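What follows is a set of notes on a single structure, which appears directly below.
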Amino acid sequence: MKQLILLCVALLYSYCSQAYIYDFEEGALLKVSGQVIDQKTNEPLPFANIIYDNTGTTTNLDGEFVFQITYHQPENSLLIKFIGYETAIVPLTYDNTKLKVTLIPKTEILDEVIVVRADQLLEDVNTYHQINYEFSNQLLSSYYKETVSSNDECIYLAEGIFDIYYPTVYSKEKATIHPRKTRKKVFASLDTMVMPLINGHATDMINGITRRADSFINADMLNNYEFSKEGLTWYDGKEIFKIHFEPKNKKGNSSGTIFIDSKSKAVIRAEYQPVLNGQQFWKKVKWIEEYKEVNSSWYIHRVSYLGQWEQNGEPITFEALLVVTDFESVKKRPELTEALTKNDIFFNHASSFSENFWEGFNYIKLSAKEKQTLGF
């Protein structure tokens, strides 16, 4: 009898242990969090891309991330990607949803077998454009944040969760933004400040260089720029061309760096600064766009904007961040209410800036410095 009891206990323990390490059930809702750091420097990596099926996020300034996913058996691992690093593949198990991920810098660059000119690469970008980007209308779930700061002191902080209807690049429809939940906090009086282009949403940000008619990568605009190769880097196991560009004439209105996937010929990242000659307000402007690949198509993933001006001799900085966290293909425009116009300001005050404010939504964690400013 005693041996039978011991056998039953042993079998029960074995069953529980095996159940513990088995994968999650199909369709389970998981909350995954962690931090991404550089193996060489042991420093956090801001804006690393965290990808799981159609769900994705990015790390904050402290390299931290948190997001919810619907578990699918075939997609049982997170992918953590960053330009210049090896992609990390992290399996999800019951005891592995709070992660510390170390990315390894990838310095090995293969010699180019075929010499490719920078202008030829941009022609390839246009040739493959119709197969690289969105074939269908998309419904995007997105997190948005904007801040105004002076001398590293936060003056204003606002956040929102959006539903965005994002029509295919072949449609004449425009993207529309619908707020789901929002909050803001003002730390100083804004009455005496000039607050340009702060409309509380991202109608300009969502339409990246792959969609704008006057984009510097468009075939009709290429002759207005000088393109030169800066070299090669890595992203997700593939070689990436780094292309620098400058205006060639007055029709060229930006300069910066484009990162082009050597295989698909898709632009996966762009860093650019508009030409500011002839205007008196902005002292500095910079855009960064990143795209993610899902099933051989590239989708907008992250857009950030930085603008700086001076007031009474003091630099004032406006920063905005948009991250697409989920998307799904839709056949037609969904029935969404309260679509924002370009000039709408929609943020509501929030009495609490606690971490659980966004419970049920995917968002980007505030950094330690931002939390300190908020007093928690």
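The values are calculated or read from the model by the stated rules, or taken from the named source; none is laboratory data. In this text, all values refer to a predicted model and were calculated from it rather than measured experimentally. Positions of Cβ are backbone-derived with ideal geometry, glycine not excepted, and every protein chain shown enters the neighbour counts.
Tabulated data for the structure shown
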{"item": "All positions within segment 247-294 that are in a loop (DSSP other than H, G, I, E, B) and hydrophobic (A, V, I, L, M, F, W, C)", "result": "ALA266, VAL275, LEU276, PHE281, TRP282"}
{"item": "Checking THR93 against (1) touching a strand residue (DSSP E or B) at 6+ places or on another chain (Cβ under 8 Å); (2) surrounded by fewer than 15 Cβ atoms within 10 Å (Cβ to Cβ), the condition it does not meet", "result": "(1)"}
{"item": "Condition met for SER14 (among the polar types (S, T, N, Q) and at pLDDT below 85)", "result": "yes"}
{"item": "Qualifying residue in segment 235-244 (condition: part of a strand (DSSP E or B), surrounded by fewer than 20 Cβ atoms within 10 Å (Cβ to Cβ) and of a type in the set (Gly, Ala, Ser))", "result": "no"}
{"item": "Candidate set from segment 223-261 (those that are over 17 Å from GLN273 (Cα atoms) and among the aliphatic types (A, V, I, L, M)); member that is modelled with the lowest pLDDT", "result": "LEU232"}
{"item": "Segment 25-55, residues that are in contact (Cβ under 8 Å) with a residue 60 or more places away in the chain and within 20 Å of THR102 (Cβ to Cβ)", "result": "VAL32, SER33, GLY34, GLN35, VAL36, ILE37, ASP38, GLN39, LYS40, PHE47, ASN49, ILE51"}
{"item": "Check on ILE69, of a type in the set (A, V, I, L, M, F, W, C), assigned to a strand (DSSP E or B) and modelled with pLDDT under 90", "result": "yes"}
{"item": "Single match in GLU314, GLU319 (criterion: surrounded by 14 or more Cβ atoms within 10 Å (Cβ to Cβ) and of a type in the set (Asp, Glu))", "result": "GLU319"}
{"item": "When residues of segment 262-299 are limited to those that are acidic (Asp, Glu) and at pLDDT 90 or above, the one surrounded by the most Cβ atoms within 10 Å (Cβ to Cβ)", "result": "GLU290"}
{"item": "Segment 122-179 - residue that is assigned to a loop (DSSP other than H, G, I, E, B) and among the acidic types (Asp, Glu) and, of those, surrounded by the most Cβ atoms within 10 Å (Cβ to Cβ)", "result": "GLU134"}
{"item": "Among (1) in a strand (DSSP E or B); (2) closer than 22 Å to ILE288 by Cα; (3) touching a Leu at 6+ places or on another chain (Cβ under 7 Å); (4) of a type outside the set (Phe, Trp, Tyr), the one test that PRO46 misses", "result": "(1)"}
{"item": "Candidates ASP220, ASP214, ASP191 - the one that is modelled with pLDDT under 95 and either touching a Leu at 6+ places or on another chain (Cβ under 8 Å) or in a helix (DSSP H, G or I) (or both)", "result": "ASP220"}
{"item": "Candidate set: segment 205-233, residues that are in contact (Cβ under 8 Å) with a residue 40 or more places away in the chain and within 18 Å of the chain's Cα centre (by Cα); chosen: the one surrounded by the fewest Cβ atoms within 10 Å (Cβ to Cβ)", "result": "ARG211"}
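Here is a yes/no grid of residues against (1) at positive phi; (2) buried (at least 18 other Cβ atoms within 10 Å of the Cβ); (3) at pLDDT below 50; (4) in the same structural domain as THR97 (by TED's automatic domain parsing):
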site	(1), (2), (3), (4)
VAL9	no, no, yes, yes
VAL36	no, yes, no, yes
ASN42	yes, no, no, yes
PRO46	no, no, no, yes
ASN49	no, yes, no, yes
ASP53	yes, no, no, yes
LEU61	no, no, no, yes
